[in-house]
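The values are calculated or read from the model by the stated rules, or taken from the named source; none is laboratory data. Just so it is clear, the structure is predicted and the values come from calculations on it, not from any experiment. Here the Cβ positions follow ideal geometry from the backbone for every residue, glycine too, while neighbour counts run over all protein chains shown. The protein model used for the area step is the full one, side chains on, heavy atoms only, and it has no ligands, DNA or RNA in it. Shrake-Rupley method; radii C 1.70, N 1.55, O 1.52, S 1.80 Å.
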Amino acid sequence: MIHNLSLYDVPFQSIVHLTKTVEVRLNDQQVSTVQVDDHIRFYLEDDLARTVLCKVTTLNSYESFFALYEDIAFEQMDCSGWTMDEMMNATYKLYTPEQEKAYGALAIGVEVVDVGKSDSEDHSNGD
């Protein structure tokens, strides 16, 4: 099965450049049907023509983002050098503590299968 999710530019680029192998999400209805070996097509939030198709390699559920961040190396999320406070502050810009309490957190291991480019990135000149 293929699931479709959007990403902001920085995490999108991190997946494309293979520096991010774990995507962190609220474990809500949007991702509750994702299974290992499924695929996720991530769309760039500001340019839906840009995509990266990934295979789901692992799924790990947690009661909180704090518990997830204690278990998963920050490097796998392309957050080397970040502190726990920085991780939590960045997370709470996307999700509320109430959402976290209601749904928990999900660490999705991903492996890039294919990178799609928008027409504007095709720099061939037809020669």
Across segment 7-27, what is the number of residues that are closer than 20 Å to residue 71 by Cα, assigned to a loop (DSSP other than H, G, I, E, B) and not hydroxyl-bearing (Ser, Thr, Tyr)? 2
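Only one of 35, 30 is surrounded by fewer than 18 Cβ atoms within 10 Å (Cβ to Cβ), modelled with pLDDT of 95 or more and either in contact with a strand residue (DSSP E or B) (Cβ under 9 Å, 6 or more places away or on another chain) or assigned to a loop (DSSP other than H, G, I, E, B) (or both). Can you tell me which? Working first, answer last.
Working: 30 fails: modelled with pLDDT of 95 or more.
After applying the criteria, what remains is 35.
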Return the total of residues in segment 1-21 being among the polar types (S, T, N, Q) and under 12 Å from residue 54 (Cα atoms). 2
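Quick one: is residue 6 touching a Phe, Trp or Tyr at 6+ places or on another chain (Cβ under 6 Å) and among the small types (Gly, Ala, Ser)? Don't jump to the end; show me each part of the working.
Values: touching a Phe, Trp or Tyr at 6+ places or on another chain (Cβ under 6 Å): yes; among the small types (Gly, Ala, Ser): yes.
For residue 6, the condition - touching a Phe, Trp or Tyr at 6+ places or on another chain (Cβ under 6 Å) and among the small types (Gly, Ala, Ser) - is met.
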(1) within 21 Å of residue 3 (Cβ to Cβ); (2) open to solvent by less than 80 Å² (accessible area, probe 1.4 Å) all hold for residue 80 apart from (1)
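If you take the residues in segment 45-66 that are hydrophobic (A, V, I, L, M, F, W, C) and modelled with pLDDT of 95 or more, which one is farthest from residue 110 (Cα to Cα)? Full working, then the answer.
Applying the first criterion (hydrophobic (A, V, I, L, M, F, W, C)) to segment 45-66 yields 48-49, 52-54, 56, 59, 65-66.
Checking the rest, the ones that are also modelled with pLDDT of 95 or more come to 52-54, 56, 59, 65-66.
Working: 52: 11, 53: 9, 54: 6, 56: 5, 59: 9, 65: 18, 66: 21 Å.
Checking each candidate, the answer is 66.
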Would you mind stating whether residue 85 is exposed (fewer than 14 other Cβ atoms within 10 Å of the Cβ), charged (D, E, K, R) and out of contact with any strand residue (DSSP E or B) (no Cβ under 6 Å at 6 or more places or on another chain)? yes
Looking across segment 11-27 at residues that are in contact (Cβ under 8 Å) with a residue 60 or more places away in the chain and more than 13 Å from residue 108 (Cβ to Cβ), the single one that is least open to solvent (accessible area, probe 1.4 Å) is 14
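Determine if segment 62-73 includes at least one residue that is of a type in the set (D, E, K, R), under 19 Å from residue 116 (Cβ atoms) and in a loop (DSSP other than H, G, I, E, B). Steps first, please.
Of the residues in segment 62-73, the ones of a type in the set (D, E, K, R) are 63, 70-71.
Still in the list and also under 19 Å from residue 116 (Cβ atoms): none.
No, there is no match, as no residue in segment 62-73 is of a type in the set (D, E, K, R), under 19 Å from residue 116 (Cβ atoms) and in a loop (DSSP other than H, G, I, E, B).
Let me confirm something: among 90, 67, 105, which residue is farther than 16 Å from residue 6 by Cα, open to solvent by less than 70 Å² (accessible area, probe 1.4 Å), in contact (Cβ under 8 Å) with a residue 60 or more places away in the chain and of a type in the set (A, V, I, L, M)? It would help to see each step written out before you state the result.
Working: 90 fails: in contact (Cβ under 8 Å) with a residue 60 or more places away in the chain; 67 fails: in contact (Cβ under 8 Å) with a residue 60 or more places away in the chain.
On inspection, the qualifying residue turns out to be 105.
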